[in-house]
Amino acid sequence: MKTTLLIVAAAAVLVATGITHGLRTDRWGEAEEVAEAVRRLEGVPARVGDWSSELAEIDDRQLRTAQIAGHVFRRYTHEPTGRSVGVLIVVGRPGAIGAHSPDVCYQASGFRLASEEKVRPLERSHQAPEFTRAVASKSEPRPERLVLWWAWSTDGAVWECPASPRGYYWRVPVLYKIYFVRPVGDPQAGDELTPILMEDLLPKIKQALSRR
């Protein structure tokens, strides 16, 4: 489980290699607005509802390559079932964070993406978030099957999946992106567990990331 999630994280951080200009590349140093957005990640809770978590690590070189200013990566375990979901949140300038979706980074790691669709997993919530959900699988050197959910947000309050995130968010100073990743063994299996974690965790993330 841990090995799979770390492989996924290594692929996920390669979300962007695009170059922006002037202050949006922090050509003259990291802007305070970016530094503050990074600090807000410290408020993402380690425990929520029936979930406990542990931190996972990502290679610093990969973070620099992807122009990620800050991140938090946790493996949340659902205590009643013992099953886990990886959650990765990254933040930086929109030119980098919005440049690529997982069809780029996961395919580069040998996965094939299928069943990609936009969904609103929490219809009952106010401003129901929009996520892209897809299945990533590969057969060599060891068969793996992952269910991926991802979306972007400027402040953690509204998560959405525009067709062209880099263009859609180009006016904003900073951008967050979130991944939920869960390995599934059965090719016919779905992922009913991730929406349960979203229900508990997304309101807490909103509190942590919202501007004060």
When you go through (1) buried (at least 22 other Cβ atoms within 10 Å of the Cβ); (2) within 30 Å of Pro173 (Cβ to Cβ) one by one for Trp150, which number turns out not to apply? (1)
Just a yes or no: is a residue in region 149-156 farther than 20 Å from Pro203 by Cβ and touching a Lys or Arg at 6+ places or on another chain (Cβ under 9 Å)? no
Hey, among Ala114, Ala37, Ala46, which residue is crowded, with 20+ Cβ neighbours inside 10 Å, of a type in the set (A, V, I, L, M) and either assigned to a helix (DSSP H, G or I) or free of Cβ contacts under 8 Å to residues at least 40 places away in the same chain (or both)? Ala37
Would you check if there is a residue in region 120-130 being at pLDDT 90 or above and in contact with a strand residue (DSSP E or B) (Cβ under 8 Å, 6 or more places away or on another chain)? yes
Among the residues of region 202-210, is there at least one that is surrounded by 15 or more Cβ atoms within 10 Å (Cβ to Cβ) and closer than 18 Å to Arg93 by Cβ? yes
Looking at region 160-195, which of the residues that are farther than 19 Å from Val91 by Cβ and in a strand (DSSP E or B) is modelled with the highest pLDDT? Arg182
For region 71-87, enumerate the residues that are buried (at least 21 other Cβ atoms within 10 Å of the Cβ), more than 10 Å from the chain's Cα centre (by Cα) and of a type in the set (Gly, Ala, Ser). Ser84
Is at least one residue of region 134-148 under 28 Å from Val34 (Cβ atoms) and at pLDDT below 90? no
For region 88-106, check the following and say yes or no: at least one residue is more than 14 Å from the chain's Cα centre (by Cα), modelled with pLDDT of 80 or more, among the basic types (Lys, Arg) and assigned to a loop (DSSP other than H, G, I, E, B). yes
I'm checking my understanding of the structure. Among residues of region 120-154 that are within 18 Å of the chain's Cα centre (by Cα) and not in a strand (DSSP E or B), which one is farthest from Val85 (Cα to Cα)? Thr154
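The values are calculated or read from the model by the stated rules, or taken from the named source; none is laboratory data. Since this is a predicted model, take the numbers as computed values, not measurements. Glycine also receives a Cβ, built like all others from the backbone with ideal geometry; neighbour counts cover every protein chain displayed.
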